[in-house]
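The values are calculated or read from the model by the stated rules, or taken from the named source; none is laboratory data. The model shown is predicted, which means the values in this text are computed figures rather than measured ones. Counting neighbours? That spans all protein chains shown, and the Cβs are built from the backbone with ideal geometry, glycine included.
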Amino acid sequence: MAHTDSPASAGFDRVGRGDLGYSPKQVEKFMEQARAYLEDPSAPPVTSHQVRTVSFDAVRGGFDASEVDAALDRLEDAFARRERDELIETSGEEAWLREIGRLAGVLRGRLLRPEGERFRRPTSPKAPSYSTQDVDELCVRLLDYLERGSPMSADEVRTAVFRTVTGKDGYEETQVDAFLDRVVELMSSID
């Protein structure tokens, strides 16, 4: 059963004593750094990329991972908006549009590859991999988003779940994950 600690615990519920959650010490340290930069731009910077890629150790009785992940998603969006606004303020809207166009072009190139050929296959025949069908279905939706403006949110990409297959029957997980991180980066800077 989860319980909430004092306000000093960053406001996250803890999992049961025997269950694994995120290290409260690590979460609180990172959230404090992020909060400081949000409140004072002269504080040591935290980027949307850092928020997207941060990881915490799993400890017994730690913070509820789903709560922390949801907070990180909101924080990433806030930093992406700030980064967009700062780029526009310092370099103009044209610079922001060029950056968006460059990233969209890179992503679009992979999305236009034929189904079943968008990502690498794992080198080990027993390695877990993502179902090519599941990933390709998301890629079709992403291409519709980029080319036709079909509605889609960064949260839909963040929470996408793919069936696990073995070896060369699927796409290499790390390459798909890295690509989806870039998609989220693009979507966060547009929205």
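What to note about this one:
- Residue among Glu86, Glu76, Glu67 that alone is among the charged types (D, E, K, R) and without any contact (Cβ under 8 Å) to a residue 40 or more places away in the chain: Glu86
- Here Arg120 clears all of (1) under 30 Å from Thr166 (Cβ atoms); (2) loosely packed, with under 12 Cβ neighbours inside 10 Å except the condition numbered (2).
- Tyr130 being free of Cβ contacts under 8 Å to residues at least 60 places away in the same chain, hydroxyl-bearing (Ser, Thr, Tyr), farther than 20 Å from Val161 by Cα and surrounded by 12 or more Cβ atoms within 10 Å (Cβ to Cβ): no
- Positions within segment 88-126 being within 16 Å of Tyr171 (Cβ to Cβ) and modelled with pLDDT under 90, in sequence order: Thr123, Ser124, Pro125, Lys126
- Residue satisfying all of: in segment 25-47; among the hydroxyl-bearing types (Ser, Thr, Tyr) and assigned to a loop (DSSP other than H, G, I, E, B); surrounded by the most Cβ atoms within 10 Å (Cβ to Cβ) among these: Thr47
- Some residue of segment 136-150 being in a loop (DSSP other than H, G, I, E, B) and more than 22 Å from Glu83 (Cα to Cα): yes
- Those helices (runs of 4 or more DSSP H) lying entirely in segment 48-116 with at least 3 residues buried (at least 16 other Cβ atoms within 10 Å of the Cβ) and more than 13 Å from the chain's Cα centre (by Cα): 65-91, 93-111
- Looking only at segment 162-181, and only at residues there that are touching a residue at least 24 places away in the same chain (Cβ under 8 Å) and β-branched (Val, Ile, Thr), the one that is surrounded by the most Cβ atoms within 10 Å (Cβ to Cβ): Val176
- Residue match in segment 66-88 (condition: touching a strand residue (DSSP E or B) at 6+ places or on another chain (Cβ under 9 Å) and not charged (D, E, K, R)): yes
- Residue check, Asp155 among the acidic types (Asp, Glu) and within 24 Å of Arg102 (Cα to Cα): yes
- Filtered residues of segment 142-155 (kept if within 16 Å of Arg110 (Cα to Cα) and either small (Gly, Ala, Ser) or exposed (fewer than 15 other Cβ atoms within 10 Å of the Cβ) (or both)): Asp144, Glu147
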